[in-house]
Amino acid sequence: MSEEIDELDVYFENKSEPTEGEAVKLEHMMMEKISINPARRKLLRIVGIFGKTEKQLKEESGLNDFFFKFHMDFLLKEGFLKLEEGMYRLTDAGIAMHDSVC
């Protein structure tokens, strides 16, 4: 049996790391997605300098479980928050975003 060439396989094999310019553009797009969303800004503001537990964040944000998970997953995946010893804390990027939009 001969193996068929899948277009997706070819695409991903040819895809390289983003250039510096592309990386900056992607970073700016993520920052915009956070800055224009009031729920994400609120979560960053609540976490603040000292950090918060998940229970504290849920109570203070007033978000339902679905939206809380949705926004927290986004902030964690994009590197604005980190989870350390049961506490959510701002990363360096999160601190910069907090200082500029909160």
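The values are calculated or read from the model by the stated rules, or taken from the named source; none is laboratory data. If you're wondering where the values come from, they're calculated on a predicted model, not measured in any experiment. Every residue, glycine as well, gets a Cβ built from its backbone with ideal geometry; the counts of neighbours run over all protein chains shown.
In this structure, is residue 40 touching a residue at least 24 places away in the same chain (Cβ under 8 Å), crowded, with 17+ Cβ neighbours inside 10 Å and under 15 Å from residue 88 (Cβ atoms)?
Yes: the conditions hold for residue 40.
Can you name every residue in the stretch 1-25 that is modelled with pLDDT of 85 or more and of a type in the set (A, V, I, L, M)?
24
State which residue is farthest from residue 35 (Cα to Cα) when the search covers only the stretch 47-67 and only residues that are in contact with a strand residue (DSSP E or B) (Cβ under 8 Å, 6 or more places away or on another chain), aliphatic (A, V, I, L, M) and surrounded by 13 or more Cβ atoms within 10 Å (Cβ to Cβ).
57
Can you find, within the stretch 46-83, the residue that is farthest from residue 97 (Cα to Cα) among those that are in contact with a Gly (Cβ under 9 Å, 6 or more places away or on another chain) and in a loop (DSSP other than H, G, I, E, B)?
Per the stated criteria, the residue is 53.
Checking the structure you have, find out if any residue of the stretch 22-32 is aliphatic (A, V, I, L, M), free of Cβ contacts under 8 Å to residues at least 24 places away in the same chain and in a loop (DSSP other than H, G, I, E, B).
no
What number of residues within the stretch 68-102 are exposed (fewer than 13 other Cβ atoms within 10 Å of the Cβ), touching a Ser or Thr at 6+ places or on another chain (Cβ under 9 Å) and under 20 Å from residue 33 (Cβ atoms)?
1
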